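Enquirer: Would you mind keeping the following structure in view while I ask a few things?
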Amino acid sequence: MNIKDLKNVTNIGTFKLLVLSLITGGIYLLMWLYRNHTKLNEILGEKIVSDKFIIGLGVALYLCGIATDTENPVTLIISIIAVICYCVMYIMWAFKMRKALQHYAVTQYHFKLKMNAFYTFIFTIYYINYCINDFETAYNEHLSFTNKNNDHIQPQQPVQRAQETVTETVIEEVVETK
């Protein structure tokens, strides 16, 4: 596995994702998720969501759009419920993806990927996309941090040699005193 695989799958900046989703009224987000979820599942090695979940998101998005007729209370109530379901489903996806990314970082690259739960809740898919794009940078920072922390640790052999010389000195002193 290459560390760039995740970023190559999504292949879009977070700001561009935000702008496209605003322009299309959320349709681009749904298309992005549908297009990338299978590839992400393969790379991460676990099934984050099923196709039915994404279809449910599409239905919720469609039902959100029927609120153009706000004078009818039934459509307004349906639309409000759909908006709540839509938001909750994206939050669920984001937390599942967060967990999968952190598990992937630990199992494949042996580092703990720090992801903010508050940002995951508030920014959902945008924050996940940001973390995917930043995955390689986070890994490189982890490597540089661990290398800096290990610079002050000396190899084991010189320490053992120092202990041997101390032991030899003590033995020589004991022999001299006899």
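Enquirer: Yes or no: Asn36 open to solvent by less than 10 Å² (accessible area, probe 1.4 Å), polar (S, T, N, Q) and in a helix (DSSP H, G or I)? Reasoning before the result, please.
Expert: Values: open to solvent by less than 10 Å² (accessible area, probe 1.4 Å): yes; polar (S, T, N, Q): yes; in a helix (DSSP H, G or I): yes.
Answer is yes for this residue.
Enquirer: Something else: Return the only residue of Met89, Met97, Met115 being part of a loop (DSSP other than H, G, I, E, B), in contact (Cβ under 8 Å) with a residue 12 or more places away in the chain and either open to solvent by 40 Å² or more (accessible area, probe 1.4 Å) or out of contact with any Ser or Thr (no Cβ under 6 Å at 6 or more places or on another chain) (or both).
Expert: Values: Met89 fails: part of a loop (DSSP other than H, G, I, E, B); Met97 fails: part of a loop (DSSP other than H, G, I, E, B).
Exactly one of Met89, Met97, Met115 is part of a loop (DSSP other than H, G, I, E, B), in contact (Cβ under 8 Å) with a residue 12 or more places away in the chain and either open to solvent by 40 Å² or more (accessible area, probe 1.4 Å) or out of contact with any Ser or Thr (no Cβ under 6 Å at 6 or more places or on another chain) (or both), namely Met115.
Enquirer: Within the range 63-86, take every residue that is hydroxyl-bearing (Ser, Thr, Tyr) and in contact with a helix residue (DSSP H, G or I) (Cβ under 8 Å, 6 or more places away or on another chain) and give me the one that is least open to solvent (accessible area, probe 1.4 Å).
Expert: Applying the first criterion (hydroxyl-bearing (Ser, Thr, Tyr)) to the range 63-86 yields 68, 70, 75, 79, 86.
If we keep only those that are in contact with a helix residue (DSSP H, G or I) (Cβ under 8 Å, 6 or more places away or on another chain) too, we end up with 70, 75, 79, 86.
On the way: Thr70: 86, Thr75: 29, Ser79: 8, Tyr86: 33 Å².
Only one residue tops the list, namely Ser79.
Enquirer: Could you please let me know if Asn36 is within 18 Å of Asp134 (Cβ to Cβ), without any contact (Cβ under 8 Å) to a residue 12 or more places away in the chain and not acidic (Asp, Glu)? First the steps, then the outcome.
Expert: Details: within 18 Å of Asp134 (Cβ to Cβ): yes; without any contact (Cβ under 8 Å) to a residue 12 or more places away in the chain: no; not acidic (Asp, Glu): yes.
No; evaluated as a whole, the condition is false for this residue.
Enquirer: Can you pull out every residue in the range 1-33 that is within 19 Å of Tyr130 (Cα to Cα), of a type in the set (A, V, I, L, M) and part of a loop (DSSP other than H, G, I, E, B)?
Expert: Ile3, Ile12
Enquirer: Also, quick follow-up: Look through Thr120, Thr107 and report the one residue that is part of a helix (DSSP H, G or I) and open to solvent by 30 Å² or more (accessible area, probe 1.4 Å). Steps first, answer last, please.
Expert: Working: Thr120 fails: open to solvent by 30 Å² or more (accessible area, probe 1.4 Å).
Answer to the check: Thr107.
Enquirer: Let me ask something else. Working only within the range 107-127, note down all residues that are farther than 22 Å from Ile12 by Cα and either among the charged types (D, E, K, R) or in contact with a Gly (Cβ under 9 Å, 6 or more places away or on another chain) (or both).
Expert: Once the filter is applied, which keeps residues that are farther than 22 Å from Ile12 by Cα and either among the charged types (D, E, K, R) or in contact with a Gly (Cβ under 9 Å, 6 or more places away or on another chain) (or both), the range 107-127 yields Thr107, Gln108, Lys112.
Enquirer: Look through the range 41-50, keep the residues that are in contact with a helix residue (DSSP H, G or I) (Cβ under 8 Å, 6 or more places away or on another chain) and open to solvent by 50 Å² or more (accessible area, probe 1.4 Å), and return whichever of them is modelled with the highest pLDDT. Walk me through it before giving the result.
Expert: So the first thing to find is which residues in the range 41-50 are in contact with a helix residue (DSSP H, G or I) (Cβ under 8 Å, 6 or more places away or on another chain), and the list is 43-49.
Next, only the ones that are open to solvent by 50 Å² or more (accessible area, probe 1.4 Å) stay: 45-47.
Details: Gly45: 88, Glu46: 88, Lys47: 91.
Ranking the candidates gives Lys47 first.
Enquirer: Additional query: So for the range 125-143 (the condition being open to solvent by 70 Å² or more (accessible area, probe 1.4 Å), over 20 Å from Ser21 (Cα atoms) and without any contact (Cβ under 8 Å) to a residue 24 or more places away in the chain), does at least one residue qualify? Walk me through it before giving the result.
Expert: Initial filter on the range 125-143 (open to solvent by 70 Å² or more (accessible area, probe 1.4 Å)): 130, 140-141.
Narrowing further to those that are over 20 Å from Ser21 (Cα atoms): 140-141.
In the following step, the residues that additionally are without any contact (Cβ under 8 Å) to a residue 24 or more places away in the chain were identified as 140-141.
Yes, some residue in the range 125-143 is open to solvent by 70 Å² or more (accessible area, probe 1.4 Å), over 20 Å from Ser21 (Cα atoms) and without any contact (Cβ under 8 Å) to a residue 24 or more places away in the chain.
The values are calculated or read from the model by the stated rules, or taken from the named source; none is laboratory data. Because the structure is predicted, anything quoted here is derived from the model rather than measured. Positions of Cβ are generated from backbone atoms using ideal geometry, with glycine treated the same way; all protein chains shown enter the neighbour counts. To get the accessible areas, we keep the full protein, side chains included, count just its heavy atoms, and leave off ligands, DNA and RNA. Shrake-Rupley method; radii C 1.70, N 1.55, O 1.52, S 1.80 Å.
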